[in-house]
Amino acid sequence: MDLLIPDKVHDESRQGEALVLEPVGKHNGRKLYIESYGCAMNFSDSEIVASILAEKGFETTSDFKNADVVFINTCSIRENAETRVRNRLKEFAWAKAKNPGMVVGVLGCMAERLKAKFLEEEKLVDVVVGPDAYRDLPNLIEQVDGGQKAVNVLLSREETYADINPVRLNSNGINAFVSIMRGCDNMCSFCVVPFTRGRERSRDAYSVVAECRALFDQGYREVTLLGQNVDSYKWKPLPALSEGEGSDNAVQKVSPIGGDLEEAVNFANLLEMVALVSPDLRVRFSTSHPKDITDEVLETIAKYDNICNYIHLPVQSGNSRILDMMNRTYDREWYMNRVDAIRRIIGDCAISTDIITGFCSETDKEHDDTVTMMDYVKYDYAYMFKYSERPGTLAAKRYADDVPEDVKQRRLTQIVDKQREYSFYRLQARIGKVEKVLIEGLSKKSDKDYCGRSDQNAMVIFPVNENYKPGQYVNVLIERSTSATLMGKIID
Ligand code: SAM
Ligand code: SF4
């Protein structure tokens with residue numbers, strides 16, 4: 001099992017989820033089925049895809065057997081993510097046999113990685129589309145209607161889909177993902193993302209703020225700003241832009257945080273701009289990179305109550321030699337220094353992480369450094385993976401994947417067990433405290449209980465109180481916990 005504690009950014013329970021939206025007026029008589037795998041960015045991209053096709057009159061369906069167009073938005077991060085997609089395609093094959101006019105498309109990272117090869121390998125696939133080519137989907141579908149296969153895997157240095165208002169799919173109307181950048185310029189040696197998602201680019205800060213404001217006006221109360229490395233966000237208005245020109249929001253050239261926007265907006269500035277939309281809008285973000293997270297970002301988090309005290313800070317390994325081979329560009333001491341800075345500047349802040357076990361040539365002793373890093377930080381949550389060699393990555397080219405599978409598994413089991421203890425330890429420490437919780441809805445287990453998240457991202461369960469509804473904040477006195485959930489009662 002890769003995942004210990006699910007949260008909204010890496011939600012195992014949402015893998016393969018089909019996305020359905022309300023019809024938006026014109027209908028072309030065709031139905032779209034779209035399901036997504038992988039990280040939150042992919043789920044967010046599916047909302048962009050649905051928005052582009054809704055404009056062309058497609059309605060969505062949650063049943064692929066009734067669909068005219070079936071899309072699968074894929075993940076390449078580990079081999080098992082790709083195997084899952086291949087197996088799913090087999091299930092679509094018989095539906096296509098019954099309905100030969102059905103268009104089957106593969107989107108996202110696997111499409112980008114395999115390109116036209118996908119059409120040879122999987123005969124039922126008609127369209128292969130990379131993450132920067134979604135605007136081309138209506139043309140590509142037309143091409144298939146005309147009897148051809150279609151591929152567009154061009155990566156872009158500019159595309160951020162900033163002007164596309166994503167339709168919120170399967171939304172609870174309370175939490176939304178907002179993509180603030182695309183791609184990644186870090187070349188972590190194990191990682192396929194720079195190859196599948198292209199160069200890093202930041203989205204127009206005003207379009208981000210406008211989207212968050214619109215979400216707030218629609219009743220949303222929490223946004224999660226998404227990027228592979230949010231700390232390297234940087235955006236500057238075009239110099240030629242005069243008032244009222246350019247983006248819809250160009251009229252707001254004066255920064256909401258004071259002064260003219262002559263300087264580029266960095267991540268700390270963007271966080272502040274979004275926090276200022278309303279004190280009732282919670283702001284979360286993911287993912288932070290240890291090499292780039294600055295004291296300025298931490299000070300901004302500390303300054304605003306509505307920026308949540310929760311940082312996802314992937315360590316990958318606690319050993320400096322392995323970190324160097326991974327090309328993470330920080331070492332064990334640097335990482336610990338960033339954790340110390342979080343504790344010093346924000347104080348009570350939850351920290352989660354990603355860890356890879358059994359990276360090329362990792363010894364037991366080096367693995368122990370990861371274990372002692374866990375002891376040092378006492379992470380609130382962790383996502384833990386066995387190293388999976390990805391074709392084309394720097395590690396695949398340079399290093400042998402030489403840690404035996406049983407050793408990778410043993411190390412993974414050890415850290416999963418350890419993390420369970422630390423998650424429990426962190427949650428137990430909240431007992432007797434009062435947490436501000438945003439009610440998200442009824443608990444999955446009982447309609448007599450509400451569930452919601454604390455500022456620090458812990459799931460909290462408490463009895464329904466008729467005076468409060470989903471989307472409202474309540475103070476909950478924490479009475480007990482499991483290793484994954486807090487339980488308590490509302491206090492006035
Ligand atoms: N950009 C983020 C970062 O730098 O941490 C996360 C990117 S990735 C979608 C999420 C996690 O998958 C990584 O942090 C890493 O732990 C894991 N991962 C990436 N490539 C992997 C591989 N080849 N084998 C095992 N785990 C991998
Ligand atoms: Fe992959 Fe590293 Fe970029 Fe994260 S920062 S997406 S792990 S290359």
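How many residues are open to solvent by less than 20 Å² (accessible area, probe 1.4 Å), of a type in the set (A, V, I, L, M) and touching a residue at least 60 places away in the same chain (Cβ under 8 Å) if we restrict to segment 148-177?
Of the residues in segment 148-177, 2 are open to solvent by less than 20 Å² (accessible area, probe 1.4 Å), of a type in the set (A, V, I, L, M) and touching a residue at least 60 places away in the same chain (Cβ under 8 Å).
Filter segment 435-448 down to the residues that are surrounded by 15 or more Cβ atoms within 10 Å (Cβ to Cβ) and more than 24 Å from the chain's Cα centre (by Cα) and list them by number.
Passing the criteria: only 435.
Residues of segment 73-84 being over 17 Å from the mean Cα position of the chain (by Cα), away from ligand 1 (no atom under 13 Å from the Cβ) and either touching a residue at least 24 places away in the same chain (Cβ under 8 Å) or crowded, with 21+ Cβ neighbours inside 10 Å (or both), which ones?
Within segment 73-84, just 84 meets the criteria.
Please work out which residue is nearest to residue 325 (Cα to Cα), limiting yourself to segment 362-379 and to residues that are in contact with a helix residue (DSSP H, G or I) (Cβ under 7 Å, 6 or more places away or on another chain) and open to solvent by 20 Å² or more (accessible area, probe 1.4 Å).
Ranking the candidates gives 366 first.
Just for segment 85-112: of the residues that are open to solvent by 10 Å² or more (accessible area, probe 1.4 Å) and in contact with a strand residue (DSSP E or B) (Cβ under 9 Å, 6 or more places away or on another chain), which one is farthest from residue 193 (Cα to Cα)?
Among those residues, the one meeting the criterion is 96.
Which ones in segment 191-238 are within 16 Å of ligand 1 (Cβ to nearest atom), basic (Lys, Arg) and either at pLDDT below 95 or crowded, with 22+ Cβ neighbours inside 10 Å (or both)?
197
Do we have any residue at all in segment 392-406 that's away from ligand 1 (no atom under 11 Å from the Cβ), of a type in the set (S, T, N, Q) and either within 26 Å of residue 193 (Cα to Cα) or open to solvent by less than 30 Å² (accessible area, probe 1.4 Å) (or both)?
no
May I ask you to list the residues in segment 178-193 that are farther than 25 Å from residue 317 by Cβ and either touching a His at 6+ places or on another chain (Cβ under 8 Å) or not in a strand (DSSP E or B) (or both)?
Result: 180, single match.
Check off (1) surrounded by fewer than 17 Cβ atoms within 10 Å (Cβ to Cβ); (2) not in a helix (DSSP H, G or I) for residue 388 and give me the number that stays unchecked.
Among (1) surrounded by fewer than 17 Cβ atoms within 10 Å (Cβ to Cβ); (2) not in a helix (DSSP H, G or I), residue 388 violates only (1).
Taking the conditions exactly as written (farther than 27 Å from residue 405 by Cα and either open to solvent by 60 Å² or more (accessible area, probe 1.4 Å) or more than 14 Å from ligand 1 (Cβ to nearest atom) (or both)), does residue 309 satisfy them or not?
When the stated conditions are applied, residue 309 passes them.
Within segment 131-189, track down each residue that is among the aliphatic types (A, V, I, L, M), within 16 Å of ligand 1 (Cβ to nearest atom) and closer than 26 Å to residue 282 by Cβ.
Residues satisfying the conditions are 180, 181.
Of these, 300, 353, which one is within 16 Å of ligand 2 (Cβ to nearest atom), among the β-branched types (Val, Ile, Thr) and crowded, with 20+ Cβ neighbours inside 10 Å?
After applying the criteria, what remains is 353.
The values are calculated or read from the model by the stated rules, or taken from the named source; none is laboratory data. Predicted, not measured: the structure shown is a model, and the values here were computed from it. Neighbour counts run over all protein chains shown; Cβ positions are idealised from the backbone, glycine included. When the accessible area is computed, the model is the full protein with side chains, heavy atoms only, and any ligands, DNA or RNA have been set aside. Shrake-Rupley method; radii C 1.70, N 1.55, O 1.52, S 1.80 Å.
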